[in-house]
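Okay, so here's the structure we're looking at.
The values are calculated or read from the model by the stated rules, or taken from the named source; none is laboratory data. Computed from a predicted structure; not experimentally measured. Cβ placement follows ideal geometry from the backbone for every residue including glycine, while neighbour counts extend to all protein chains displayed.
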Amino acid sequence: MIASTIIKRQASSFASHSVKTNKAYLSYLTMGFTIPFLVSYYSTYSGAQDELKGRSNPRCKSSSNFDMTGSSDSITWDQIKHYIESGELYKLVRTPEVTAKYRQHKFDVESQGSTLVSYILQHRLRWDADQLQQLNSVTLASDSQKIAALFKDKSSLKILPNDFPYNFEPCVSHILVWSKIYIPLYKSNIDATTDDAVAIDSVNPKVKRLIESFLDGLLKPLGLTNYVWFINYPRLQSIKSVSHIHVLINSYDKNPIQRLLTDESLLITLPAQ
């Protein structure tokens, strides 16, 4: 599998926090039982790992020796990066308990004659399905038109947490960046029948750069510099009609993330050209 990796270094260190090592579940929104690899990006900053008053660094500690056999323990940051680089995103899973809750939610929605897509649009995103159809099929009919408009308008974007958390260690937060405009990361001939390796090779480098620039401008001002991102390839997208980027952030300090989720003024778009 092909992964795109950029490693950055940052001289400054972060203030540290004490944390308990017991399992903790974060409350974020995602769709699908697994998140297969499509394309990935991650930036790792090597802030100083100093000890202040006996406290540990606020980011997950690295471990050069981790078990890849799928134990019941929380998935570590090192494992997350490994799975993204190797294309093994199917290993980013929920616990059986959270999976059961997700399935029950899906059953409840469908038993009322609706779908997960309709539920998300109506109750989470509060976007009109007909308007999205008009936007992507008429107003911005071509991929080039979509690419030119991506991440330029706040009203076309929304950031949400994961309501059905994966089994990550407490330092990892999972948010989704939803876009009204379809993100054409893959060639238009790539569909649900396409082999994964072919889909990965079809990545549009211009779209990839746009995503990287957008996320860097969004997260860096909040001090959120240690993160990974990916978009599922078509074969395993559970929500196909509304584009969204999965962003995993490594930080024990949840305040900047909470601010990002609640303060729309922090949603920084790319400059219009």
For this session: Read through the list (1) closer than 20 Å to S156 by Cβ; (2) modelled with pLDDT under 95; (3) surrounded by fewer than 22 Cβ atoms within 10 Å (Cβ to Cβ); (4) not hydroxyl-bearing (S, T, Y), then give the number of the only condition that I268 fails.
Result: (2)
Seminar exercise, completed: Apart from one, (1) crowded, with 20+ Cβ neighbours inside 10 Å; (2) touching a Phe, Trp or Tyr at 6+ places or on another chain (Cβ under 8 Å); (3) closer than 17 Å to S243 by Cα; (4) at pLDDT 95 or above all hold for L160; the odd one out is (1)
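Y119: under 30 Å from C60 (Cβ atoms) and either in contact with a strand residue (DSSP E or B) (Cβ under 7 Å, 6 or more places away or on another chain) or among the hydroxyl-bearing types (S, T, Y) (or both), yes or no?
No; evaluated as a whole, the condition is false for this residue.
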Exercise. When A148 is evaluated against the numbered criteria (1) in a helix (DSSP H, G or I); (2) closer than 27 Å to T262 by Cα; (3) in contact (Cβ under 8 Å) with a residue 24 or more places away in the chain, which criterion, by number, is the only one it fails?
Worked result: (2)
Exercise. Do you know which of the residues in segment 208-233 that are crowded, with 20+ Cβ neighbours inside 10 Å and of a type in the set (S, T, Y) is farthest from I147 (Cα to Cα)?
Worked result: T225
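Each row is one residue, and each column tells you yes or no for (1) in contact with a helix residue (DSSP H, G or I) (Cβ under 9 Å, 6 or more places away or on another chain); (2) on the phi > 0 side of the Ramachandran plot; (3) β-branched (V, I, T).
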site: I84; (1), (2), (3): no, no, yes
site: K101; (1), (2), (3): no, no, no
site: S118; (1), (2), (3): yes, no, no
site: Q122; (1), (2), (3): yes, no, no
site: L135; (1), (2), (3): yes, no, no
site: P161; (1), (2), (3): yes, no, no
Problem set entry | Residue within segment 169-182 that is more than 23 Å from Q133 (Cβ to Cβ) and surrounded by fewer than 17 Cβ atoms within 10 Å (Cβ to Cβ) present | no
Exercise. For segment 234-247, does any single residue satisfy the condition of being in contact with a His (Cβ under 8 Å, 6 or more places away or on another chain), surrounded by 20 or more Cβ atoms within 10 Å (Cβ to Cβ) and under 29 Å from D128 (Cβ atoms)?
Worked result: yes
Problem set entry | Residue check, L260 outside any strand (DSSP E or B) and among the aliphatic types (A, V, I, L, M) | yes
Exercise. So, of the residues in segment 116-145 that are of a type in the set (A, V, I, L, M, F, W, C) and part of a loop (DSSP other than H, G, I, E, B), which turns out to be farthest from D253 (Cα to Cα)?
Worked result: A141
For this session: Return the pairs, sorted by first residue and then second, in which the second residue is modelled with pLDDT of 95 or more, the first residue lies in segment 114-137 and is of a type in the set (K, R), the beta carbons are less than 7 Å apart, and the residues are 6+ apart or on different chains.
Result: R124/L160
